[in-house]
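Here is the structure we will look at, set down as structure tokens.
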Amino acid sequence: MLKAMSVAVAAVLVSAPAWAQDSKVEISGNAGWTFSDGVGGQTAVRAGDGNIYDSIGPKDSFSWNLTLGYNFTPSWGLEFIYDQQQSKLELGGTNTRELGDFKVTNYHGAFVYSFGDESASARPYVLFGAGATSYPGLTTTILGQTHTTEGKSQFSGTVGLGVKIYPGHNVGLKLQSRWTPTYIKSDPGGWWCDPYWGCYAVSNAQYSNQFELTGGLTIRF
């Protein structure tokens with residue numbers, strides 16, 4: 001019996017590096033905090049409460065994400081990212097006013113490049129991708145009047161960096177920071193003139209930005 005157990009333990013120790021090297025699929029779940037900003041208007045609006053408001057956007061808040069990835073080489077992988085920011089929509093200006101719950105959802109596909117050897121206990125990585133950011137509709141009551149906004153999805157990109165730490169062969173800790181800019185609108189920016197092309201109107205694009213800091217577990221198999 002003792003001899004059989006020794007052989008089994010030796011087999012596990014010998015095959016453990018192969019498990020790590022053969023790992024193609026990764027699943028992870030993270031949670032943390034997202035710092036957000038919105039967009040501003042060209043003109044400020046004086047509301048019925050006497051304050052002047054000139055911006056609107058999601059509030060900094062708790063967020064979480066789930067990812068499913070496939071490593072097609074030891075360094076390169078493709079990952080699908082689903083995340084939600086449990087935020088509130090707020091107006092900004094001479095006063096800050098919350099309008100209601102505002103759950104921002106992101107759907108992104110991303111390429112991931114991991115540094116170092118695939119059997120290393122810690123692997124830094126970078127990611128870059130694109131997808132969509134979905135903003136929900138909102139119904140709120142201000143000074144006795146009910147206002148409703150429609151939900152909308154916008155194209156967005158995402159870039160990030162992080163590190164995966166594996167105390168074991170298959171389960172590890174994932175720490176990540178990620179920036180997701182979402183195009184919202186363009187405002188007139190004046191005129192631009194060129195001796196060859198002539199003069200034409202230009203615009204200033206406005207983006208809503210999410211800066212995410214999260215940590216969680218990752219499993220590879």
Problem set entry | Residues of the range 125-145 classified as of a type in the set (A, V, I, L, M), part of a strand (DSSP E or B) and modelled with pLDDT under 95, total | 2
For this session: Say whether the condition of being closer than 30 Å to PHE115 by Cβ and either modelled with pLDDT of 95 or more or hydrophobic (A, V, I, L, M, F, W, C) (or both) is met by at least one residue in the range 36-59.
Result: no
Seminar exercise, completed: With the first residue restricted to the range 48-62 and required to be part of a strand (DSSP E or B), and the second required to be of a type in the set (Val, Ile, Thr) and modelled with pLDDT of 70 or more, Cβ contacts under 8 Å at 6 or more apart or on different chains are ILE52/THR94; TYR53/THR94; SER55/VAL39; ILE56/VAL39; GLY57/VAL39; PRO58/VAL104; SER61/THR34; PHE62/THR34
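Listed here are the residues, each with its yes/no results for (1) of a type in the set (Gly, Ala, Ser); (2) under 22 Å from the mean Cα position of the chain (by Cα); (3) more than 23 Å from PRO58 (Cβ to Cβ); (4) at pLDDT 95 or above.
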| site | (1), (2), (3), (4) |
| --- | --- |
| LYS152 | no, yes, no, no |
| SER156 | yes, yes, no, yes |
| LYS164 | no, yes, yes, yes |
| LYS185 | no, yes, no, no |
| TRP192 | no, no, yes, no |
| TYR196 | no, no, yes, no |
| VAL202 | no, no, yes, no |
| LEU213 | no, yes, no, yes |
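Where residues in the range 63-114 are among the acidic types (Asp, Glu) and at pLDDT 95 or above, which of them is nearest to the chain's Cα centre (by Cα)?
ASP83
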Problem set entry | Subset of the range 89-124 that is in a loop (DSSP other than H, G, I, E, B) and small (Gly, Ala, Ser) - its residue that is nearest to VAL39 (Cα to Cα) | GLY116
Problem set entry | Where a residue in the range 74-96 is within 30 Å of SER55 (Cα to Cα) and in contact (Cβ under 8 Å) with a residue 12 or more places away in the chain and its partner, wherever it lies, is among the basic types (Lys, Arg) and assigned to a strand (DSSP E or B), with Cβ under 9 Å and at least six apart | ILE81/ARG178; ASP83/ARG178; GLN84/LYS103; GLN85/LYS103; GLN86/LYS103; SER87/LYS103; GLU90/ARG97; LEU91/ARG97
For this session: Could you check VAL14 against (1) closer than 19 Å to LEU213 by Cα; (2) at pLDDT below 90 and say which number it fails?
Result: (1)
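The values are calculated or read from the model by the stated rules, or taken from the named source; none is laboratory data. Everything numeric here is computed off the predicted structure, so don't read it as measured data. Note: ideal-geometry Cβ built from the backbone for every residue, glycine included; neighbour counts use all protein chains shown.
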